[in-house]
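Laboratory data are not the source of any read-out in this text; all were calculated from the coordinates shown. The model shown is predicted, which means the values in this text are computed figures rather than measured ones. Every residue, glycine as well, gets a Cβ built from its backbone with ideal geometry; the counts of neighbours run over all protein chains shown.
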Amino acid sequence: MSAAKRRRVAVVGATGVAGQQFLVSLKNHPWFEVKRLAASERSAGKKFSDAIKDASSGATRWFCDEPCPKEFLSITVEHAEKLILDDIDIVFTAIESDAAKIVEPIYAARVPVVSTASAFRYEKDVPVFLPGVNIDHAALVAVQRKNRGWKGFVTPGPNCTTVGLVFSLKPLYERFGIGSVIMTSMQAVSGAGRSPGVLSFDILDNIVPYIPKEEEKVQTETQKILGKIDNGTILSAPFNVSCTCTRVNVIDGHTESVFVGLQNKASLQDVKNAWRDGYAEFLSLGLPSAPPELVHYTEEPFRPQPRLDRNMNDGMTTVIGRLREDNVLPNGIKYVLLSHNTKMGAAKGAVLTGEYLIKTGIIE
Ligand SMILES: NC(=O)c1ccc[n+]([C@@H]2O[C@H](COP(=O)([O-])OP(=O)(O)OC[C@H]3O[C@@H](n4cnc5c(N)ncnc54)[C@H](OP(=O)(O)O)[C@@H]3O)[C@@H](O)[C@H]2O)c1
């Protein structure tokens, strides 16, 4: 482990919702130094401060609660396809999947790429890391390099809705086994990004009961991330996951109502203990972006609520509440969780993954 060496990083998609969160997460970071920013042709050649201005109104489109770190405002944004990598050790990407399919292989040929895009998530030789959950999937890095002839590699994070769900399931899967999972999400508008985004006329006073491709993503990814690595491939976790994903009138923070059928009966206290203790080993690493708790259980029956709880530990903690027995699924339990979609669910989660890969020597 050589965390002491400061890695030079590029942020691709820096002008977008997740990209801006990268900048906030990387400000004064002890292990990473932002050297380059990139985005589409639209922004290329502009100073970052101009690239985030709306072309017609001139309004600054900055989406984070925190102010934009001043040191990034004067950096000239590069075109993602022409990003210079000579002085870059790691690339963080926050662009749509179609664009990621083109540029991530160009970067991965030379350096590690930690992505928020779905472009490579479902490829057999690509690990989808979630900190504290599946570092054993790192065995795929060597397979990917060999298959593709890359010096670096691509590791996308999960879809933002998968993140909180898997954090809640992992300790239960380990201790009690899981037979089935049913989940309904109530997802924030920032999860749709800036472009195409969600129209205010569609979402105000409303709930939209469909998010294209989201349910399939959450189902497949949950099984992949909790799957077992075997002989250079991942065997998906054998339980079924069934989801309904909806968009609600909330800015940040995805809420999920979860029903789990356990393989072995557990009391509600057993379940709470599993959440309390499930990530002790990972948390003992003391990584710079790690929160004190990856999951937090609240006994308050009216919580979690997006407005009150999404920023717990800077949006890096999945807040769970309303744990009850369920009498429909075998050994059933049910609960509500809340996870910050642009913090742990995207940029700061990816930064934490980068730290974890350095700490474990997967990024040298
Ligand atoms: N928002 C979330 O909560 C969230 C959570 C998890 C994962 N993600 C994933 O993160 C990625 C970015 O999402 P977002 O919500 O940040 O989207 P967004 O706000 O729409 O931002 C998109 C970014 O991609 C850039 N871009 C667009 N077309 C490009 C191209 N052809 N080549 C290079 N760059 C291009 C844009 O640059 P310009 O400004 O120049 O157009 C902008 O920087 C997506 O893959 C998304 O699925 C998002």
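Exposure proxy shown here: for S180, S40, the number of other Cβ atoms within 10 Å sets the order, fewest to most, as S180, S40. Between E364 and E281, with labels modelled 7 Å along Cα→Cβ, what's the label distance in nm to one decimal, could you check? Spacing of the two 7 Å Cα→Cβ label points: 2.6 nm. Cβ crowding within 10 Å, taken as a proxy for footprinting-reagent exposure, orders F63, F22 from fewest neighbours to most as F63, F22. Taking amide hydrogens as placed 1.01 Å from N in the peptide plane, the amide H of N240 sits under 5 Å from those of V181, each at least 5 positions away in sequence or on another chain. For region 160-339, lysine pairs with C-alpha atoms less than 25 angstrom apart, excluding pairs fewer than eight positions apart on the same chain, total 19. Each part gets one Cα centre, and for region 49-93 versus region 302-364 those centres are 27 Å apart. Can you tell me how region 295-364 classifies by the Cα gyration tensor, rounded, prolate or oblate, using a/c under 1.5 as the rounded cut? Oblate, because a/c is 1.5 or more while a/b does not exceed b/c.
Shape of region 6-86 from its Cα gyration tensor (a ≥ b ≥ c, root eigenvalues): rounded if a/c is under 1.5, otherwise prolate when a/b > b/c, or oblate? Oblate, since a/c reaches 1.5 and b/c is not below a/b. Taking amide H positions as modeled 1.01 Å from N, with prolines and chain starts lacking one, the residues under 5 Å from G332 and 5 or more places away or on another chain are L262, D326.
By the beta-carbon count within 10 Å of each Cβ, the least crowded to most crowded order of D136, D314, D89, fewest first, is D136, D314, D89. On the beta carbon distance between E300 and K265, with R0 = 22 Å, the FRET formula returns roughly 0.25.
Its Cα gyration tensor gives the chain an equivalent ellipsoid, and the semi-axes of that ellipsoid, as √(5λ) in whole Å with the largest first, are 32, 24, 18. At a Förster distance of 25 Å, what's the computed FRET efficiency of S49 paired with N147, Cβ-Cβ distance as r, to 0.05? For S49 and N147, the calculated efficiency is 0.05.
Could you tell me whether region 160-339 comes out rounded, prolate or oblate from its Cα gyration tensor? Rule is a ≥ b ≥ c as square roots of the eigenvalues, rounded for a/c under 1.5, then prolate if a/b exceeds b/c, otherwise oblate. The shape class here is rounded.
Determine which lysines satisfy two conditions relative to K151: a Cα distance under 23 Å, and not lying fewer than 8 residues away in the same chain. Output for K151: K5, K35, K82, K101, K124, K359.
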